[in-house]
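Report on the structure given below.
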Amino acid sequence: MTEVPRNGGQPTGPLPRVRLIDVAREAGLSKTTVSAALNGTGRLSPEVRERARETAREMGYRPNATARHLRAGRARLIGYVIGEFADAPWTFLESPYFARLTAATSATALRRGYAVVLLPAGSLQSEWADLSLDAVIVADPVAGDAVVDDLVAARIPVFSDRSVEGRPGTYWVDVDAGAAVRGALDHLADQGAARPVLVVPDSTTRFHTEVYAAHRAWCAAHGLPERVVRVGAPGNGPVVRAVETALAGTGEERPDALLVVAEASPPLVLAAALRHGYEVPGDLLLVCVSEDVTAGHTEPPVTTLSLRPEAVAEAGVAHLVAVLEDGRRELPGALVPTRLDVRASSLRTGQTECTSRPPT
C-alpha cells in the first residue's frame, strides 16, 4: 500500500535559507558579532566565537556566495576546456592524462576558493557568453584555436600552454616536450636501440608538434632515419593499430624500440608487440607516454614518460591566482619538468631496473 504524503501529494519546495540574523537570534548574539566570528575577524573571546560557529553549523547556515562575490567583483568561476578534443566534447575524460589533469585542476582551484566549470569546446558566444567566468583554462589548444581567439576578444584571461606566449591577456604553463623526448630516446639508445620508431598523434597542439620536431632533430644528431607512425584519432583502437603498423617491418626494417607518445593503455600496447612475435625487452624496447597506473603491473612492467598532470595543475592555478588576486599581469610562463619512470620493458637483460629518472 502506497503511503499518501502528508502534504496531499504536492511537491515540497526547498527549505528556507538560514540567514545571518537567524543565527544571531539563536545564539543570543548580535549580527555583527556572529559575522565577525564566522569571518575570523573582530576581538572576540574564544567562547563567543565558538558559540557563534557551532550555532551556524547546527542551523545549516552558509554565507550568501553571490552577494560576497559581487562585493569582491568576481564570481570565482573558472572555465575549463580541452582544445585538442574540440570535435568530440567530453571524450577527454577517457584519457588518464586529461582525467588526472582535470581532477587536479578542480581540486587545486577549489582549495584556492575557485570552482571549475567544465565547458565543451565550441563557440564562446553561443555557449559560454552568459557565464560569469573570471578566467578560462584552455588545455592543449590546437593551432589557430578559435576558442582562444574568442576569449581574448572578450577580454577574459586565458591560461593555457606556451602556444599563447606573447598574446595580451594570456598566461602559460607547459612541459618541456623537447627535453622529455630527448631524454626518452637517449635512454633507449643507452640500452642499445638503433631503430626506434615514434608513434605520435597527427595533431597540431604545441606539445605534439614539439615532440615531432625533437624526434627529428634527435635522429639527425644520431645519424638515424626518422621512423614515425602518425595516429589519426584518439583512443586505444587507433593507437594500437598504429603500433601494429610500426611493428610490421622485417629484417633491417624491424624496429628494436618504440616510443609511443599517442596515449593508449600500456597493457594493450604490450599485447600488440607480443602478438607480432616480439619479446619485450629482448627484441623490442618499449616506452609509453602515459599516466595509466596499469603500466607498472604488466609483465614486463612498462616504462612510462609522465607529464606530471598534478604538478601542471598546481603551477597553473598558482599562475591564475597570481593574476586574478595579486594583479601580476606581466607574469612569465613556467615549464614543469616531466619524469621518466624506467621499468623492465626498456631495460636489456642484466640491467638493473630503476624506479624513476630525475625530472627533465
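Quick notes on this one:
- Here the gap between residue 248 and residue 221, fully extended at 0.36 nm per residue and compared with their Cα-Cα distance, gives a gain of 7.1 nm.
- Using C-alpha pairs below 8 Å separated by at least 6 residues, the relative contact order for region 20-63 is 41 percent.
- Ranked list, fewest to most other Cβ atoms within 10 Å of each Cβ, for 346, 35, 306, 45: 45, 35, 306, 346
- Measuring r between the beta carbons of residue 329 and residue 132 and using R0 = 25 Å, the FRET efficiency lands at 0.75.
- Nitroxide proxy distance, nm - points 7 Å out along Cα→Cβ at residue 54 and residue 299: 6.0
- In region 20-63, a dipole from Cβ-located charges (positive for Lys and Arg, negative for Asp and Glu) runs towards its positive end, and of 24, 37, 60 it is 37 whose Cα lies farthest in that direction.
- Region 230-296: GluC sites (Glu not before Pro) in DSSP coil with no more than 15 other Cβ atoms inside 10 Å: 279
- Ascending count of other beta-carbon atoms within 10 Å, so fewest first, for 329, 43: 43, 329
- Cα gyration tensor, region 208-360 - rounded (a/c under 1.5), prolate or oblate: prolate
- Average Cα contact separation per residue, region 180-314, under 8 Å, 6 or more apart, as relative contact order %: 23
FYI, it's all coordinate maths here, none of it is from the lab. As the structure is a prediction and not an experimental result, all values here were calculated from the model. Positions of Cβ are generated from backbone atoms using ideal geometry, with glycine treated the same way; all protein chains shown enter the neighbour counts.
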